[in-house]
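Read through the structure below, which is laid out as structure tokens, and then see the notes.
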Amino acid sequence: MVLAAGIGINTGPASVGNMGSKQRFAYSALGDTVNLASRLEGQTKAYGVRILLSEATARQVADMAVLELDLLRVKGKTEPVRIYTLVGMRPMPERRNL
């Protein structure tokens, strides 16, 4: 049996912490950033990839090779979101000892 999980990654501000009370602990992450990451995760199967990145995240991973996949209409957004998948690490220049 193989476990296959999709991962959606977005970069931006979010509210993270205990949203519950002393009687009912509810640690959570909320906000538009978190919602988009969740929507991306939900689309991994449709695109046949394990990881989907938002444009904001793709800009932050200069040492990773990413491939632009599509412009995706996401519920709750007026403009489509540019999505990417993670292809792998970019070759790093060889280090020389000084």
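The values are calculated or read from the model by the stated rules, or taken from the named source; none is laboratory data. What you are looking at is a predicted structure, and each value in this text was computed from that prediction instead of being measured. Note: ideal-geometry Cβ built from the backbone for every residue, glycine included; neighbour counts use all protein chains shown. Just so you know, the surface numbers come from the protein's heavy atoms only, side chains and all, with ligands and any DNA or RNA stripped out. Shrake-Rupley method; radii C 1.70, N 1.55, O 1.52, S 1.80 Å.
Listed values, structure above:
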quantity	calculated
Filter pass, Gly12 being loosely packed, with under 14 Cβ neighbours inside 10 Å and touching a helix residue (DSSP H, G or I) at 6+ places or on another chain (Cβ under 7 Å)	yes
Counted residues, the stretch 56-84 - those being among the polar types (S, T, N, Q) and modelled with pLDDT under 95	2
Close pairs from the stretch 1-16: first over 19 Å from Val66 (Cα atoms) and in contact (Cβ under 8 Å) with a residue 12 or more places away in the chain, partner open to solvent by less than 90 Å² (accessible area, probe 1.4 Å) and assigned to a loop (DSSP other than H, G, I, E, B), Cβ under 7 Å, at least 6 apart	Pro13/Gly31; Ala14/Gly31; Ser15/Gly31
Number of the condition not met by Ala62 [criteria: (1) open to solvent by 50 Å² or more (accessible area, probe 1.4 Å); (2) out of contact with any Lys or Arg (no Cβ under 9 Å at 6 or more places or on another chain); (3) among the small types (Gly, Ala, Ser)]	(2)
Segments classed as strands (runs of 3 or more DSSP E), wholly inside the stretch 23-96, with at least 1 members that are of a type in the set (S, T, N, Q)	27-30, 51-54, 81-89
Every residue from the stretch 18-56 that is closer than 13 Å to Val81 by Cβ, open to solvent by 40 Å² or more (accessible area, probe 1.4 Å) and polar (S, T, N, Q)	Asn35, Ser38, Gln43
